[in-house]
Amino acid sequence: MQLTEQEVIRREKLTKLRELGIDPYPAALYPVDTTSKSIKTDYKEGKKVIVAGRLMRKKIQGKASFAALQDSEGRVQLYFNRDEICPEDDHSKYNDIFKKLTDLGDIIGVEGELFTTQVGEKTVLVKDFTILCKSLRPLPLPKVDPDGKVHDEFNDPELRYRQRYVDLIVNPSVKQTFIKRTKITNSIRQFFNDREYLEVETPILQPIPGGASARPFLTHHNALNIPLYLRIANELYLKRLIVGGFDGVYEFSKDFRNEGMDRTHNPEFTVMELYVAYKDYNWMMDMTEQLLEKVAIDANDTSKVTVGKNEIEFKAPYPRVPILEAIKEHTGYDVAGMDEVELREVGKKLGLEVDETMGVGKLIDEIFGEKCEHLYIQPTFITDYPKEMSPLTKQHRDNPALTERFELMVNGKELANCYSELNDAIDQRERFEEQLKLSAKGDDEAMFIDQDFIRALEYGMPPTAGIGIGIDRLVMLMTNNVSIQEVLFFPQMRPEKKALELSDNEKIIFEILKKKQEMPLADLKTEADLSNKAWDKSIKALGKMGVLKVTKTETDLIAALKE
């Protein structure tokens, strides 16, 4: 492992601490009795406190120094005075340990008394301190120049998502996003628990990936010697519990879909699903309005939420628009009653990519998704989907070609999906068999037949309304984030590229190109100032490693770093 200069220096300090008999990673409990926040909110002059956290600023001023300590609730100023810390003749704890052997990022414990500085800042006068964890890597802390401009911010998305632990330390707003996420899930739980619905857990590993149309992840169970799938939805298991006699069950479910990744999709995501017996999708629309209004107020103290340029009002009621009417309004085509061939022609006329594997449901979904969905900014229930789009949904009571289903659109994206659940076992089997035909045509997202679920329905399931709400997308809305990666602690990432191991001469060439991006090869050689032998060897090595590329123009050879 190649260490930077700063990493080498920190390891040397670590050794010096141990030589002084100081354990830089002590095992004993540290008796913290307050936090940075309570120091400020419950301030009392002269109050004795014990606080711990990460050293984030250190300003040495001779025998007195100021520092900043960051804990889970914020920052507090520390005042180190040599004579307070070292009342005897031995001043090494201040002069050597604090001044020379502590670094920004170290975790320390502090005992002291509260006082207010001349400029009015509540501060801890340090009487004693303990090193609780020596940090071996420097934090990427932003710097502010004399003009107030901020430099070296830790804002590269790939680095932030890959090293979320650093992101949380140096970017306080990120932490607030995840605190708000917990507020949102707690708000939903409270809403359901107040209505005496039961929170449950269902299997993640499933023999049949049911409950949605999606491509699953496949694994193998060695002891049973069977294939298993990571669940794409928990719907069929929750409905088994309704069959079993529960009137209302819900689950915050980790689901997995082996599909593309973008700003609103991650292969692993969180959904809340709720099923309530003796209800229908009309009741669920009313309930969803009440729930989301409460969540918005609990998270942001208002039912209005700003998302980018849009102000979204979550106060009930929300418009209710049948999907075929929405398509007719926004495309001019009345697709009601059209078959596959007719819908495929409409799709082509609208400039959509359609193919022979797409059935009626997929084609309507594609038309709505591409031409209508993005237009619904304020919360809107899109209702009454064709039967082919909804194999788990009860047939519409007024139109047998439709189903009693809605999707809630907010800010141009689906947030929730709800059915009056299909409880006719014979109808359910026929719908599954239709899905099987789609699978045979090449649709790798078509549903499997879950024979055990059909058996459960044959015992009888009461009329039931069910809904799934995408928690990640809900948090995005409530925290004004446009990327799902911003609301997941650890989003899925491509494998990290290995750090380049370069010789000293290769590093010289690399650093020059890193600053200039590209330059004539002759100028690069002049600036590198290497011998001919060292130059040739280094250039060849960088080319073999795929770091350097050289292109020929009419007048020059141009060197540049490969992306």
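The values are calculated or read from the model by the stated rules, or taken from the named source; none is laboratory data. Fair warning: this is a prediction, and the values are worked out from it, not measured in the lab. Glycine gets a Cβ as well: all are built from the backbone with ideal geometry, and neighbour counts include every protein chain shown. Please note that ligands, DNA and RNA were not included when accessible areas were found on the heavy atoms of the full protein model with its side chains. Shrake-Rupley method; radii C 1.70, N 1.55, O 1.52, S 1.80 Å.
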Worksheet item: If you go through region 274-325, how many residues are under 26 Å from the mean Cα position of the chain (by Cα) and of a type in the set (A, V, I, L, M)?
Response: 10
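What do you reckon, is Phe368 within 24 Å of Leu477 (Cβ to Cβ) and touching a Leu at 6+ places or on another chain (Cβ under 8 Å)?
Values: within 24 Å of Leu477 (Cβ to Cβ): yes; touching a Leu at 6+ places or on another chain (Cβ under 8 Å): no.
When the stated conditions are applied, Phe368 does not pass them.
Filter region 486-511 down to residues that are part of a helix (DSSP H, G or I) and over 30 Å from Gly260 (Cα atoms) and give me whichever is most open to solvent (accessible area, probe 1.4 Å).
Restricting attention to region 486-511, the residues satisfying the condition of being part of a helix (DSSP H, G or I) are 486-487, 504-511.
Filter once more, keeping what is over 30 Å from Gly260 (Cα atoms): 504-511.
Values: Asp504: 116, Asn505: 55, Glu506: 23, Lys507: 77, Ile508: 68, Ile509: 1, Phe510: 43, Glu511: 86 Å².
Per the criteria, the residue is Asp504.
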Worksheet item: Which of the residues belonging to region 136-177 are open to solvent by 80 Å² or more (accessible area, probe 1.4 Å), at pLDDT 95 or above and in a loop (DSSP other than H, G, I, E, B)?
Response: Arg137
Discussion item. I need every pair where a residue in region 127-148 that is under 22 Å from Ile108 (Cβ atoms) and in contact (Cβ under 8 Å) with a residue 12 or more places away in the chain has its Cβ under 7 Å from the Cβ of a residue that is open to solvent by 60 Å² or more (accessible area, probe 1.4 Å) and among the basic types (Lys, Arg), sequence separation at least 6 or different chains.
Written reply: Leu136/Arg11
Practice prompt. For region 303-335, name all the residues that are buried (at least 16 other Cβ atoms within 10 Å of the Cβ), in contact (Cβ under 8 Å) with a residue 40 or more places away in the chain, under 30 Å from Lys362 (Cβ atoms) and not hydroxyl-bearing (Ser, Thr, Tyr).
Written response: Val307, Ile312, Val321, Pro322, Ile323, Leu324, Ala326, Ile327, His330
Discussion item. I need every pair where a residue in region 467-490 that is within 16 Å of Ala416 (Cβ to Cβ) and in contact (Cβ under 8 Å) with a residue 24 or more places away in the chain has its Cβ under 8 Å from the Cβ of a residue that is of a type in the set (A, V, I, L, M, F, W, C) and assigned to a loop (DSSP other than H, G, I, E, B), sequence separation at least 6 or different chains.
Written reply: Gly468/Ala233; Asp472/Leu488; Met476/Val482
Worksheet item: Within region 189-200, can one find any residue that is exposed (fewer than 15 other Cβ atoms within 10 Å of the Cβ), over 20 Å from the mean Cα position of the chain (by Cα), over 15 Å from Thr270 (Cα atoms) and of a type in the set (S, T, N, Q)?
Response: yes
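Quick check on region 460-485: of everything there that is among the hydroxyl-bearing types (Ser, Thr, Tyr) and either assigned to a loop (DSSP other than H, G, I, E, B) or more than 12 Å from Lys239 (Cα to Cα) (or both), which residue is least open to solvent (accessible area, probe 1.4 Å)? It would help to see each step written out before you state the result.
First pass over region 460-485, keeping only residues among the hydroxyl-bearing types (Ser, Thr, Tyr): 464, 479, 483.
This time we only want the ones that are either assigned to a loop (DSSP other than H, G, I, E, B) or more than 12 Å from Lys239 (Cα to Cα) (or both), so: 479, 483.
Working: Thr479: 28, Ser483: 11 Å².
So the residue we want is Ser483.
Kindly indicate which of Lys537, Lys514 is in contact (Cβ under 8 Å) with a residue 12 or more places away in the chain and exposed (fewer than 13 other Cβ atoms within 10 Å of the Cβ). Before you say what the answer is, go through the steps one by one.
Values: Lys537 fails: exposed (fewer than 13 other Cβ atoms within 10 Å of the Cβ).
Of the residues listed, the single one that is in contact (Cβ under 8 Å) with a residue 12 or more places away in the chain and exposed (fewer than 13 other Cβ atoms within 10 Å of the Cβ) is Lys514.
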Practice prompt. Say whether the condition of being of a type in the set (Gly, Ala, Ser) and in contact with a Cys (Cβ under 8 Å, 6 or more places away or on another chain) is met by at least one residue in region 323-333.
Written response: yes
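With the condition kept exactly as written, say whether any residue in region 111-128 is in a strand (DSSP E or B), open to solvent by less than 40 Å² (accessible area, probe 1.4 Å) and touching a Lys or Arg at 6+ places or on another chain (Cβ under 9 Å). First the steps, then the outcome.
Of all residues in region 111-128, those in a strand (DSSP E or B) come to 111-116, 122-128.
Now restrict to residues that are open to solvent by less than 40 Å² (accessible area, probe 1.4 Å): 112, 114, 123-126.
Now restrict to residues that are touching a Lys or Arg at 6+ places or on another chain (Cβ under 9 Å): 112, 114.
Scanning region 111-128 turns up at least one residue that is in a strand (DSSP E or B), open to solvent by less than 40 Å² (accessible area, probe 1.4 Å) and touching a Lys or Arg at 6+ places or on another chain (Cβ under 9 Å).
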Practice prompt. Could you tell me whether Phe448 is crowded, with 19+ Cβ neighbours inside 10 Å and aromatic (Phe, Trp, Tyr)?
Written response: no
Worksheet entry | Selection from region 282-302 of residues that are free of Cβ contacts under 8 Å to residues at least 12 places away in the same chain and basic (Lys, Arg) | none
Discussion item. Please verify whether Ala67 is at pLDDT 95 or above, open to solvent by less than 30 Å² (accessible area, probe 1.4 Å), in a strand (DSSP E or B) and out of contact with any helix residue (DSSP H, G or I) (no Cβ under 9 Å at 6 or more places or on another chain), treating the condition exactly as stated.
Written reply: no
